[in-house]
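**Student:** Here it is: the structure, laid out below.
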Amino acid sequence: MKIVAASLAACGALVFAGVAYAGPPAGDAERGRTVFARCAACHDAKTGANRVGPSLKGVVGRRAASNAGYGYSAALKNKNVTWTPATLDAFLTAPTRFAPGTRMSLPVGNPKDRADLIAYLATLR
């Protein structure tokens, strides 16, 4: 009983201290361009053209499943999120956990690679 109470108190202290997930760490966009090479087989970054996956040009700040002309899965159509660095980090960490039923199945497991990739994606306008 004392252990449970101590655990609850510790959790409460974290909540009241304002400790929260702030998203991915700042990344290196230039290195992210190199990381993106793994994604380029399915995703365009420059022209806006859709491929096997949707174009990622302008993805940061865009609503999920909103790129015209791409046939998104129901999982992403129903997700109702905007692609921010934090939501991209969660999605890229485990796409099928973030949106069960998504066709995107290749996670970016390395946190540094994800942060760099997200920094690069933020430059695509």
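The values are calculated or read from the model by the stated rules, or taken from the named source; none is laboratory data. Remember, it's a predicted structure, so these values are computed and weren't measured experimentally. All Cβ positions, even for glycine, are placed from backbone atoms using ideal geometry, and neighbour counts span all protein chains on display. Accessible surface areas use protein heavy atoms only, side chains included; no ligands, DNA or RNA. Shrake-Rupley method; radii C 1.70, N 1.55, O 1.52, S 1.80 Å.
**Student:** If the reach is capped at under 16 angstrom between alpha carbons, list the aspartates and glutamates near Lys46, excluding any in the same chain fewer than eight residues apart.
**Tutor:** Glu30
**Student:** Quick one: what does P(r) look like for the stretch 35-125 with 5 Å bins over all Cα pairs, in whole %?
**Tutor:** Whole-percent P(r) values from 0 Å outward: 3, 15, 26, 32, 20, 4, 0.
**Student:** If we count every other residue with Cβ under 11 angstrom of Gly53's Cβ, Lys/Arg +1 and Asp/Glu -1, where does the sum land?
**Tutor:** Neighbour charge sum, excluding Gly53 itself: +1.
**Student:** Taking the full set of protein chains and a 1.4 angstrom probe, give the accessible area of Thr123 in square angstrom, rounded to the nearest 10.
**Tutor:** 80
**Student:** While we're here: What aspartates and glutamates sit close enough to Lys79 to cross-link, taking a C-alpha to C-alpha distance under 20 Å and skipping anything fewer than 8 places away on the same chain?
**Tutor:** Within reach: Asp89.
**Student:** Still on this structure, please answer the following. Which loop chymotrypsin sites (Phe, Trp or Tyr not before Pro) in the stretch 21-107, with loop taken from DSSP, have no more than 15 other Cβ atoms within 10 angstrom of their Cβ?
**Tutor:** Sites meeting the loop and neighbour criteria: Tyr21, Tyr70.
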